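A short worksheet on the structure shown next.
The values are calculated or read from the model by the stated rules, or taken from the named source; none is laboratory data. This is a predicted model, so every value here is computed, not measured. Cβ coordinates were reconstructed from backbone atoms using ideal geometry, including for glycine residues, and neighbour counts include every protein chain displayed. The area values use the complete protein model at the heavy-atom level, side chains included, leaving out ligands, DNA and RNA. Shrake-Rupley method; radii C 1.70, N 1.55, O 1.52, S 1.80 Å.
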Amino acid sequence: MRRSPNLQRLTTNYIFIEVKKRVENYLKNHPHERRLIHFGVGDTTHPFPDIVAEGLSEASLGMATEVGYKGYGPNFGLESLRETVSKVLYDGKFSLDEISISDGIKPDLARFALLTGGGQKVAIQDPSYPVYLESSFIIGNQVTLLPATKENGFFPDWCLLKGPHLLFICHPNNPTGYTAIRAQLQEVVNHARKEGMLILFDTAYRSFITDPNIPRSIFEIEGAKECAIEWGSFSKSAGFSGLRLGWCVVPKELKYSTGESILEDWRRVLATTFTGPSYLSQMAALQALSKEGQADYQKIIQGYLENGKLLKNALSSKGVSCYGGEHLPFVWADFSPHLSWDTFDTFLTKHQLIVTPGSGFGSSGEGFIRFSALGKRPDLLEAISRLLL
Ligand code: PLP
């Protein structure tokens, strides 16, 4: 087989692979140094609430019975879960056909890239969650990067783009922590409709929004059904990063420039590339979305957000300018003029803390470090005390 020329565009190392390499190298040369604390990768650490663990074990014990055993499930997810997602997260605004349940946003973005077929114009904020850029490269889409910097308040001017584009928007934003107000999103939606653009809205962190004035979904914005697809995930909101589950909303109103339905093609591509999400994950998700589950998760999320506040205060007291940490479990800290990887190395060798270099999210992230607030509180407090020494 010949190598796809598209793969040659993946020039950078995926950040977490490079972080791992540097950490392993450090450990090899400093085997007796104090314990390293992970402050970087945005993985959750809080255990499941009982109600979710019970839902999971009940479903799995059921699999050992004649009546409870399940084989292949529906391609687009259990009807009961799609109905619950629509009711609990979207006020019942969407029909079951418009919602598909998946094994997470990341694999769904790869499946969406297949649907685009390559050759499309894509606009991505720089810095960004790397999968937008890399999945666009792999399929052969043409990428325009829009810098999100201190100067533009970390919200690029999407309305400068003209003509059909796919706009990847992550809200609340990983890594900058930026959340847009309704009027800003309304302007982007109006522009997208005028120019025939499609907004690809990633709400992986929607549950961390504490201000009711900040939209949790693009579909809170008028006209979005005509120009947006939205993804959500149970990874960060419910600690399912290992269990795997997410969802996608494709409104039936969405049409290609030639008039055909995007939803029909999405379901066609899903049917070919995905055998449906895990039954066990879905049964756990139903518990996570129950009243009791939601109340338990509110407390867990509150704990992560408090971590963010403690972290932000500690860094600010050292004179570091910090962003985010309010509606997102990450703090985006400005160490410029030092380069991100230099600051990463300093944190590793001086404080034995593993952080994520902002430049790994794109060249406009240079100088920044992303700190995760998703760790355990005792680790966080120890990390802070090392920082403040
Ligand atoms: N989207 C963003 C912005 C993320 O930060 C992440 C994970 O870090 C994901 C999507 C991945 O979500 P999932 O675990 O559902 O694949």
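³J(HN,Hα) across the stretch 211-227 via Karplus (A = 6.51, B = -1.76, C = 1.60, θ = phi - 60°), whole Hz, x for Gly/Pro?
9, x, 7, 8, x, 9, 8, 5, 6, 7, 9, 4, x, 5, 4, 8, 8
Looking only at the stretch 211-226, which residues have a backbone nitrogen under 15 Å from a spot 7 Å from the Cα of Q298 in the C-beta direction?
So the set is 211-212.
F137 accessible area, nearest 10 Å², 1.4 Å probe?
Looks like 40 Å² after rounding.
Name the residues whose placed amide hydrogens come within less than 5 Å of the amide hydrogen of T149, ignoring near sequence neighbours (fewer than 5 apart) on the same chain.
Amide H to amide H, under 5 Å and 5 or more residues apart or across chains, T149 pairs with F154, F155.
So what are the ³J(HN,Hα) numbers for the stretch 305-312, from phi and the Karplus equation (6.51, -1.76, 1.60; θ = phi - 60°), rounded to whole Hz, Gly and Pro as x?
Residue by residue, the stretch 305-312 yields 5, 5, 3, x, 5, 4, 5, 4 Hz.
Amide H of F330 versus every other amide H placed in the peptide plane: which residues, excluding those fewer than 5 positions away on the same chain, fall under 5 Å?
Result for F330 returns G325, A373.
Provide the percentage of antiparallel DSSP beta bridges, counting only those with both residues in the chain; round to the nearest 5.
50 percent
What percent does the relative contact order of the chain come to when contacts are Cα pairs within less than 8 Å and at least six residues apart?
Reported relative contact order: 23 percent.
Could you tell me the calculated FRET efficiency between S363 and K255, based on Cβ-Cβ distance and R0 = 25 angstrom, to the nearest 0.05?
0.10
Say each of E33 and S80 gets a label point 7 Å from the Cα, pointing the same way as Cα to Cβ; how far apart are those two points in nm?
If labels sit at E33 and S80, their model points lie 5.0 nm apart.
Distances over 20 Å make up what percent of all Cα-Cα pairs in the stretch 258-389?
Percentage above 20 Å: 59.
With the cut-off at 24 Å, tell me which of the pairs K20/K350; K93/K291; K150/K299; K28/K236; K87/K299 have Cα atoms farther apart than that.
Going by Cα-Cα distance, K150/K299; K28/K236 fall outside the 24 Å limit.
Which value results when the Cα radius of gyration for the stretch 85-201 is divided by 2.2 N^0.38 Å?
The stretch 85-201 yields a ratio of 1.09.
Could you list the residues of the stretch 105-122 with an amide nitrogen less than 19 Å from a label point located 7 Å from the Cα of V88 in the Cα-to-C-beta direction?
Those under the cut-off are 105.
Mind giving me the nanometre distance, one decimal, between the label points for L381 and D265, set 7 Å out from Cα along Cα→Cβ?
With each label point 7 Å from Cα toward Cβ, the separation is 5.4 nm.
Modelling each spin label as a point 7 Å along the Cα-to-Cβ direction, I'd like the A53/R182 distance in nm, to one decimal.
Each label point is offset 7 Å from its Cα along the Cβ direction, giving 4.1 nm.
So what are the ³J(HN,Hα) numbers for the stretch 296-301, from phi and the Karplus equation (6.51, -1.76, 1.60; θ = phi - 60°), rounded to whole Hz, Gly and Pro as x?
Result, ordered by residue: 4, 5, 4, 5, 5, 5 Hz.
How would K255, K28 rank on accessible area, largest to smallest, probe 1.4 Å?
Of K255, K28, the descending order of accessible area is K28, K255.
So for the chain, Kirkwood radius off the Cα pairs, Stokes-Einstein at 25 °C and 0.890 mPa s: how many µm² s⁻¹?
Here the translational diffusion coefficient equals 112 µm²/s.
Expressed in nm to one decimal, what extension gain is obtained for the pair D157 and V320 from 0.36 nm per residue of sequence separation less their Cα-Cα distance?
On the way: separation 163, 0.36 × 163 = 58.68 nm, distance 2.65 nm.
Gain in length upon complete extension: 56.0 nm.
If you stretched the chain out fully between K291 and E306, how much longer would it get, using 0.36 nm times the residue separation minus the C-alpha to C-alpha distance?
Values: separation 15, 0.36 × 15 = 5.40 nm, distance 2.28 nm.
Between K291 and E306, full extension yields an extra 3.1 nm.
Scan around I199 for amide H atoms under 5 Å from its own, H built in the peptide plane at 1.01 Å from N, and keep only partners 5 or more places away or cross-chain.
Sorted by chain and number, the residues that satisfy this are L167, A228, I229.
Return the FRET efficiency for the residue pair K150, E66: r is the Cβ-Cβ distance, R0 is 56 Å, and the value is rounded to the nearest 0.05.
0.35
How would L280, L339 rank on accessible area, largest to smallest, probe 1.4 Å?
Details: L280 55, L339 85 Å².
Highest to lowest solvent-accessible surface, that is L339, L280.
What part of the accessible area of the chain, given as a whole %, is carbon or sulfur when the probe is 1.4 angstrom?
Taking all protein chains in place, the chain shows 54 percent carbon and sulfur surface.
Per residue, how much accessible area does the stretch 130-180 have with a 1.4 Å probe, in Å²? Working shown, then result.
On the way: 1830 Å² over 51 residues.
With all protein chains present, the stretch 130-180 gives 36 Å² per residue.
Near K252, which aspartates and glutamates are there with a Cα under 14 Å away, not counting those fewer than 8 places off in the same chain?
D97, E98, E226, E230, E260, E264, D265
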